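For reference, the structure discussed in these notes is given below.
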Amino acid sequence: MAKYTTQPWSCRGWDEDDCCAAVVDNLREQFNTVYDVAFLPGADGLLAAGYHSGDVRVFNWKRVCASWLGSKGQAGAELSWRGHDGPVYALALLESAELGALFATAGDDGWVRVWRVADIVAAAAAATAEGGQQDSAGGAPPPPVAGAVRLPHVQNPLGVSEGSQPAAQALAADPATAQLFAGGSDGGVHVLDVRRLLAAGRDAAAASGALSSLPGHAAAVLALDLCPATSQLASGSEDGTVRVWEPAARRCVAIINPWEERTVPPGQPLELLRCVKGSPVTCVKWGSGGQWLVLGNAAGSLTLWNAVSNELARHKSTSACIPQALLLSPGAVLMAGTDRKVHQYSFQLEEVHSFDVGAESAFAVRADPGGSGMLAVAGARGCVDLLSAQGAVLGLVRPPPSALLAPSACPCDTSRCCCRCASCRPGMLLRSARQGSLIRSLLLLRSPLQGSVRSPVRRSSGVMTKAKLSQGELVAAQLRRSPVPLIDVGVNLVDGAFDKDRDTVIARAREAGVAAIVVTGCTVASARAARALCEAEAGYPLYFTAGVHPHNAKDCDGATLDALRDLACHPRCVAIGECGLDFNRNFSPPDVQERWFEAQVALALELRKPLFMHCRDAGARFAEILRGADVGGPAGVRGVLHCFTGNGDELAACLDLGLCIGITGITPSKARPSRNEPALLPHVLSAVAAALGQDEAAVAARTSAVARAFFGLPDADAGGGGP
């Protein structure tokens, strides 16, 4: 990759595989996220950063500032190594006279790893001596891991255990007791005895013995903070609560529901379920002395809570900014989130001022404990800003540019260039066999699934309170317009969740550049409602599907097929479905699912309608039924698996059947609405285009063309796109 960042690009001297790999690597860097940073103690200006790519990188912030203040240049990392298999979500420092200075990381792979700061300093010095600053591909040996342990599964307070390996998402340290606290994506809160961990070395069983678990939350833990004055631990969660713990006694002393402005009695699952309907607590910090807690909420607010009397002191709306990082100092609260700013509040949560930062979504704000006054703000697109306490920019860390992606012209003779130079760079990826299977799969897009960046926990909308933003305000905060009209091919628009604002949802879709919507029918009743909606909506092109979802197959009877046949003859009905198999939950018995799936496949063949399908944990039987009906073949009909969740073999089987594959996605921050809608579709477009290394307009044009051809939609619809 280095040769394409340091030399002018020319279409006469590139190797296709090498060039493609360089583009993909550069795009990964451009869309990397820094989730946390830490100033390393006693390290003469070293700053560590944890990346979405799994890397831990160490920068000399003094050198970064000198480069920026001297020539607006940027200094690279002193040291980089692979810390985790997956994103590095949290960093923590633990200093004690007995153990020295320790540096801990928490990752998506579920591991908590500990390094000695002295080893990191030595490795950085060795890397610099070998050739100066390095990038993530540098060859300097990483520092040795002093200890590591993987978080176990826990059963949450609702009696649920997901069974998958939980991610380690939050860290806090207690130097007085030499303990680390880790929060898991399954709601677990874990206590790690660092002395025992270091003594265990590479003995995995002994390392596990250094870990104990607290009862935890009903959903992912997103934030932890320890109060040095009281040794109490606060944990914020996607379940909408903050828990206050006394780790020494291994007990929870308070469960706070900030939106209902009260504490929750322990041991009452129904009360916890009420909390889950609220918005996630994204960040939490103790005030000095342990009297106050400041909480950030995904609905767009800050809360000041009196931890002594256990009562609300103040709510403060943060408007369109979702708090994701907090830093408290005497008399001041710093908050960063989703609006490219750091906001300073008084301790009464009155905003004093704000200053700009580079990250469009910031996940960390840290202060140098060494007394320099330096602030580090980190977040999306690999941005780390080094700022003075007043917000002046002192240094920047950004992903390196690539000559392959730069707008400069190719120096060759454009009249003879086979790729015409203006489009040759993106053309490389289109011609690359390495990207072929993904491009084959990228045929249809639908609205994003709800979930957070750090934990895919599904959530329902909560009761509105005085500081909570509405669905429309949350969507408006993320609204962006597609450069080319998009088609949303799977929207449950007749669901009761849209009864109060269906017209507004359609208007927002138009504003986002969604040119047409296909409304999903999951039962006869919902398909009839979709038909009525299509007939009533004269100003926007709505279409619908008619079918029975496998969950509802048990409700079918002798009149079902005739009803579907009648619905399918409507000019706005473009497919049979949603139909298929779902052996994951088996809300309908498997044999009943199969019988009604086969019946709907036969109906599609009879009427020559495409199939809009669903499959989960039933890939082999699903493919067998379609193969028997020649779906996707010359004598069959077209089919789309609208939300693919299978493995590589199942994907290959679907592609061999000639099926289209629906690609879904999530909004790229924890600042997401609790309900999905078509206006969020451009965010999926952006993520998929980045993954492919293609221009968003090209991806939008291709997917929309395939959708029109698949469903037989007219070439021009309302909605539009572009500027």
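The values are calculated or read from the model by the stated rules, or taken from the named source; none is laboratory data. As the structure is a computational prediction, the values presented were derived from the model and not from experiment. Glycine gets a Cβ as well: all are built from the backbone with ideal geometry, and neighbour counts include every protein chain shown. Heavy atoms of the whole protein, side chains included, go into the accessibility calculation; ligands, DNA and RNA do not. Shrake-Rupley method; radii C 1.70, N 1.55, O 1.52, S 1.80 Å.
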* Structure fact -> Mean Cβ-within-10 Å packing, highest first, puts peptides 373-386, 31-44 in the order 373-386, 31-44
* Structure fact -> The alpha-carbon center of segment 570-624 and that of segment 372-398 are separated, in whole Å, by 53
* Structure fact -> Applying the gyration tensor rule to the Cα atoms of segment 344-387 (axes a ≥ b ≥ c; rounded if a/c under 1.5, else prolate if a/b exceeds b/c, else oblate), the class is oblate
* Förster radius 45 Å - calculated FRET efficiency between Arg195 and Glu606 (Cβ-Cβ, nearest 0.05) -> 0.05
* For segment 249-362, give the percent of accessible area contributed by carbon and sulfur heavy atoms, probe 1.4 Å, rounded to a whole number. => 50
* Please quote Rg/Rh for segment 558-653 to two decimal places, taking the Kirkwood radius as Rh and restricting both calculations to Cα atoms. => 0.95
* Solvent-accessible area per residue for segment 508-634 at a 1.4 Å probe radius, Å²? -> 38
* Determine the per residue accessible area of segment 218-375 with all protein chains present and a 1.4 angstrom probe, expressed in square angstrom. => 36
* Asked: What is the Cα centroid distance between segment 294-347 and segment 688-716, reported in whole angstrom?
  -> 41
* Gain in span if fully extended, Thr230 to Val352, counting 0.36 nm per residue against the direct Cα distance -> 41.0 nm
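Between beta-carbons, use under 11 Å as the cut-off and find the net charge around Glu351, counting Lys and Arg +1, Asp and Glu -1. Write out the running numbers ahead of the final one.
Numbers: positive: Lys316, Lys341; negative: Glu350.
Overall, the nearby charge balance is +1.
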* Asked: Shape call for segment 278-409 from the C-alpha gyration tensor, a ≥ b ≥ c root eigenvalues: rounded (a/c under 1.5), prolate (a/b greater than b/c) or oblate?
  -> prolate
